[in-house]
Every structure is written in C-alpha cells, then in structure tokens.
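What follows is a short report on a single structure.
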Amino acid sequence: MGEPGRLVSNIAKAYLEGDASSLQTFSDLVRLPPREETREIMSVAAVRLCGLWGNDRLAVASVNAAYEAQTMLGHARVALVLRKPVLQWQLLVAARDPVSNNDFVKAAPRLAALLSSSAQGGALPIPATLLSPATGDFPRPQSGQRFGTFRWRSSPSDDVVAEIVEFAYDDDARLFLTRPAQPGSRGEISAGQLWSTRRAWYWRVWSVSRTGDLVLSDARTFTH
C-alpha cells in the first residue's frame, strides 16, 4: 500500500487548488467529470496522510490539508478513492463532502478487511442495476413518508463483498459503503441523506469484488 501513499498528497493538492490539468493526469477514465467549480481558489501549504486502507487494487485515503485563500485559511479534509486496474493507481473520486470524510472514511477499515491480499484478480463481477428513479428524476416520497428512495439491484455475482454508492455533485461526492444481503438483492438509500445544492447530481453503484476489482453501474442524473 506504499505506492498510493506517495500519490495522495499530489492528488489532494491538485484537487483543492482546482488544478484540473494536473488532476487529469491521475484520473481514471471512468471518473465522473467535475462540474462547474464553485470553491474559492486556494493555495495548499501542506498535506498530511491520516489513513490508507485497501489492497493492491483498491485504496481509500484520508488526508488533512492546510490551505490559504484570499478570504480564509484553515484545514480541509479530503477523502480519495483510487484503483489500480493494470499498472498505475488512478483516481476515481476526490471529495470534501462531510459524509464522505466522516462515515465513509470510518467504514474504510471494514471494507479493507473484506478484501483479499492477493494481487491476482479473477473474472469481473456483473454490474449492479439502477432501478429508480429514472434518469433526470428525483425520488418522490411514498404516502406517509418524508423522503423518496434511490433503489438498485445488486450484482448477481457471488464474489461481490461490498458496494459503494456514489452521489456526485459539482466537484465533490457523497459516498456510502453498503453490503448486499445476497447476490441480486435490492439496495436503497434515502434521499434524506443528501443535502440540497439546487444543482445537477449524478449517482451510480460500484460493485467491489473480494480481490478489490470493481465494476460500475450506469450513471443517472437528478437535480437537488
């Protein structure tokens, strides 16, 4: 796990400083493209690695960066998810989102414990299938419920040990770690676990195999 540890500082710095050109050199081809930048331009002075979990194919990192901007200075936490499909580590997600940097990062050791230490991968699992809402729609609550629900059918492959549900907005993402009850079971997340930005979002489900390989469902959009 030392190799991604050497990369996370550069990735976090490029992400926080809005250096799209540098960030692109690290990015996975399946990374969702960031939308319009909404943060103030900042300069990052130092990045400290707080944690790194995973195996030789999938890694979750948590960093704390000291920054200075025109109107503020302070520290920012960043969660990073990287994968190594062939020879090089590539960035799937970078997030300042508070849920990603709290609940998801706290769950990362549990994800790492489910992964094998072998670098040899097997057949890729079948992707999960998004069920509702349809792309472009936000889930409506059922009668008597306060919030609607995002629903999907988990991969039917029996080697899937975990799922990561990605809700991407602006240049950020809210991540949730779940475990399918069984192959092909149904999963759901309440829309109440998202905050309102009045902007476009994407969501999709990652199916993670025991070897750390992953496949992604299709991505759907909504406005919230």
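The values are calculated or read from the model by the stated rules, or taken from the named source; none is laboratory data. In this text the structure is predicted, and so the values were computed from the model without any measurement. Cβ: placed from backbone, ideal geometry, glycine included. Neighbour counts: every protein chain shown.
Quick check on Ser155: is it in a loop (DSSP other than H, G, I, E, B), under 23 Å from Leu111 (Cβ atoms), among the hydroxyl-bearing types (Ser, Thr, Tyr) and touching a residue at least 24 places away in the same chain (Cβ under 8 Å)? Judged against the criteria, Ser155 is a match. Given the condition in contact with a Phe, Trp or Tyr (Cβ under 9 Å, 6 or more places away or on another chain), assigned to a loop (DSSP other than H, G, I, E, B) and acidic (Asp, Glu), answer yes or no: does some residue in the stretch 125-145 qualify? The answer is yes, given that some residue of the stretch 125-145 is in contact with a Phe, Trp or Tyr (Cβ under 9 Å, 6 or more places away or on another chain), assigned to a loop (DSSP other than H, G, I, E, B) and acidic (Asp, Glu). In summary, Asn102 fulfils each of the numbered conditions (1) closer than 24 Å to Thr197 by Cβ; (2) buried (at least 18 other Cβ atoms within 10 Å of the Cβ) with the single exception of condition (2). Summed over the stretch 136-187, the residues that are touching a helix residue (DSSP H, G or I) at 6+ places or on another chain (Cβ under 9 Å) and under 17 Å from Leu92 (Cβ atoms) give a count of 10.
Residue-wise test of (1) in the same structural domain as Phe138 (by TED's automatic domain parsing); (2) of a type outside the set (Phe, Trp, Tyr); (3) part of a loop (DSSP other than H, G, I, E, B).
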position: Leu175; (1), (2), (3): yes, yes, no
position: Ala181; (1), (2), (3): yes, yes, yes
position: Glu188; (1), (2), (3): yes, yes, no
position: Thr197; (1), (2), (3): yes, yes, yes
position: Tyr202; (1), (2), (3): yes, no, no
position: Val208; (1), (2), (3): yes, yes, no
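Taking the conditions (1) under 19 Å from Leu32 (Cα atoms); (2) surrounded by 15 or more Cβ atoms within 10 Å (Cβ to Cβ) in turn, Ser116 satisfies each one other than (1). Restrict the check to the stretch 59-68 and report whether at least one residue is farther than 25 Å from Val165 by Cβ, of a type in the set (D, E, K, R), touching a residue at least 12 places away in the same chain (Cβ under 8 Å) and assigned by TED's automatic domain parsing to the domain that holds Asn10. Looking through the stretch 59-68, at least one residue is farther than 25 Å from Val165 by Cβ, of a type in the set (D, E, K, R), touching a residue at least 12 places away in the same chain (Cβ under 8 Å) and assigned by TED's automatic domain parsing to the domain that holds Asn10.
Scanning the stretch 171-221 for residues that are buried (at least 17 other Cβ atoms within 10 Å of the Cβ) and acidic (Asp, Glu) yields a count of 3. Checked against (1) surrounded by 18 or more Cβ atoms within 10 Å (Cβ to Cβ); (2) farther than 21 Å from Phe104 by Cβ; (3) among the hydrophobic types (A, V, I, L, M, F, W, C), Ala162 passes all but condition (2).
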